[in-house]
Amino acid sequence: MRKIIAIIHYVIYLAGIFILLVMGSSKYDWMQEMDNTMTNLPKDSSGNVGLVMAILGLILVIMQAFRFKLTHSHFERKMIVVLTLLGSIIWLIICS
């Protein structure tokens with residue numbers, strides 16, 4: 001049962017990382033990918049995407065901290081630290 005919970009945890013975590021990568025920091029980035037002639041993209045003045053990405057990043061870190069506290073395996077703890085650092089770096093690159 002513990003292995004199933006661990007697998008579900010990592011699947012949810014990797015799905016969160018995937019969402020961070022796909023969503024990006026601007027909701028208008030996809031326009032430039034479709035039409036290279038667009039140089040000035042509309043500005044997202046609401047900041048909703050940034051807020052959602054910050055909340056998602058915080059949830060991912062809390063998930064990993066919770067998992068770190070519950071596990072006793074040294075290998076899994078190292079993996080949790082690496083995944084947390086990876087998620088934090090991705091969040092910093094995408095959202096800054």
Requested in this report: Could you grab the pairs with beta carbons closer than 9 Å, sequence gap of 6+ or different chains, first residue in region 1-19 and surrounded by 12 or more Cβ atoms within 10 Å (Cβ to Cβ), second one assigned to a helix (DSSP H, G or I) and small (Gly, Ala, Ser)?
Outcome: 13/87; 16/57; 16/87; 17/87
Query raised in the report: Taking region 61-96 as the search range and keeping residues that are farther than 15 Å from residue 18 by Cβ and aromatic (Phe, Trp, Tyr), which one is surrounded by the most Cβ atoms within 10 Å (Cβ to Cβ)?
Result: 68
Report summary line: Residue hits (region 69-88; assigned to a helix (DSSP H, G or I) and of a type in the set (Ser, Thr, Tyr)) are 84, 88
**Report entry** Lone qualifier among 60, 51, 21, 56 - being closer than 26 Å to residue 5 by Cα, among the aliphatic types (A, V, I, L, M) and at pLDDT below 85
**Finding:** 21
Query - Pair list, Cβ < 7 Å and 6+ apart or interchain, from region 47-60 residues that are more than 11 Å from residue 19 (Cα to Cα) to residues that are not in a helix (DSSP H, G or I) - result: 49/25; 49/26; 49/27; 50/25
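The values are calculated or read from the model by the stated rules, or taken from the named source; none is laboratory data. Just so it is clear, the model here is predicted, and its values are computed rather than measured. No Cβ is skipped: glycine too gets one built from the backbone with ideal geometry, and neighbour counts run over all protein chains shown.
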